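Engineer: Before anything else, here's the structure in question.
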Amino acid sequence: MSAQAAPGSALLPGIDQALGDDPDPAPLSATGPIVRAGEVYEWLAARPYCHDQRGCVGPSSCPGILVPPGQEPPQGVTLSVAAAACHLAVYTLRTGSIEATAPDGACVYVPRKAAKLLGLNEMQALGLLFTPSTTTAMGRLAHLARR
């Protein structure tokens, strides 16, 4: 019996790891992680002015600005790939924070939730979600989305 590679496994090899069991309030797509990665890629590509990998939700110098789901981030607010994935999955974000709030009020750790939403294993999450380079992150996200 052969093992199947996880979506995006060409990014970085790694050991699969469960990344949490909090429920998704509204999955990005019913067809799977590859489409989710494509949706995040398209959303960020259309808004290069608000994509920055140097922080989860920036600017950290202005903490507490809310980014409600379904709304454009306020001018000057930036989102990482992880934050964008959570934003598109109806989580409320806050500048200067690495936590997001679900519609039911539950708080989740943004990188962990994004890894789950994008179907990433631990090494893939490290390679995509924690790279400080916006260009590298977009390239890896495009690869994950099979573009």
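Engineer: With a point put 7 Å past each Cα toward its Cβ, work out how far Tyr49 is from His143 in nm, to one decimal.
Structural biologist: Going from the Tyr49 label point to the His143 one covers 3.1 nm.
Engineer: If packing is taken as the mean number of other Cβ atoms within 10 Å per residue, what is the order of 134-145, 95-106, highest first? Please list the in-between numbers first.
Structural biologist: Details: 134-145: 18.6, 95-106: 16.1.
Highest to lowest by the protection proxy: 134-145, 95-106.
Engineer: Kindly state, to the nearest 0.05, the FRET efficiency for Ser133 paired with Cys62, given R0 = 35 Å and r defined as their beta-carbon distance. List each step's numbers first, then the result.
Structural biologist: On the way: r = 23 Å, r/R0 = 0.66.
Step by step, r from the Cβ atoms, then E = 0.90.
Engineer: Would you work out which of Pro111, Thr78, Leu144 lies farthest towards the positive end of the dipole of the range 37-147, given +1 charges on the beta-carbon of Lys and Arg and -1 on that of Asp and Glu, about the Cα centre?
Structural biologist: Comparing the listed Cα positions along the dipole, Leu144 ranks first.
Engineer: Leaving out ligands and nucleic acids, note down the accessible area per residue over the range 43-141 with a 1.4 angstrom probe, in whole Å². Could the numbers behind the result be given before it?
Structural biologist: Details: 4290 Å² over 99 residues.
Value returned for the range 43-141: 43 Å² of accessible area per residue.
Engineer: List, in order, the whole-Hz ³J(HN,Hα) value for each residue of the range 132-146 obtained from phi through the Karplus relation with A = 6.51, B = -1.76, C = 1.60 and θ = phi - 60°; use x for Gly and Pro.
Structural biologist: For the range 132-146, the Karplus-derived couplings read x, 8, 4, 5, 4, 4, 5, x, 5, 5, 4, 4, 4, 7, 6 Hz, x marking Gly and Pro.
The values are calculated or read from the model by the stated rules, or taken from the named source; none is laboratory data. As the structure is a computational prediction, the values presented were derived from the model and not from experiment. When we count neighbours, we look across all protein chains shown, and the Cβ atoms used for this are built from the backbone with ideal geometry, even at glycine. Note: accessible area is taken over every heavy atom of the protein model, side chains too, but ligands, DNA and RNA are not part of it. Shrake-Rupley method; radii C 1.70, N 1.55, O 1.52, S 1.80 Å.
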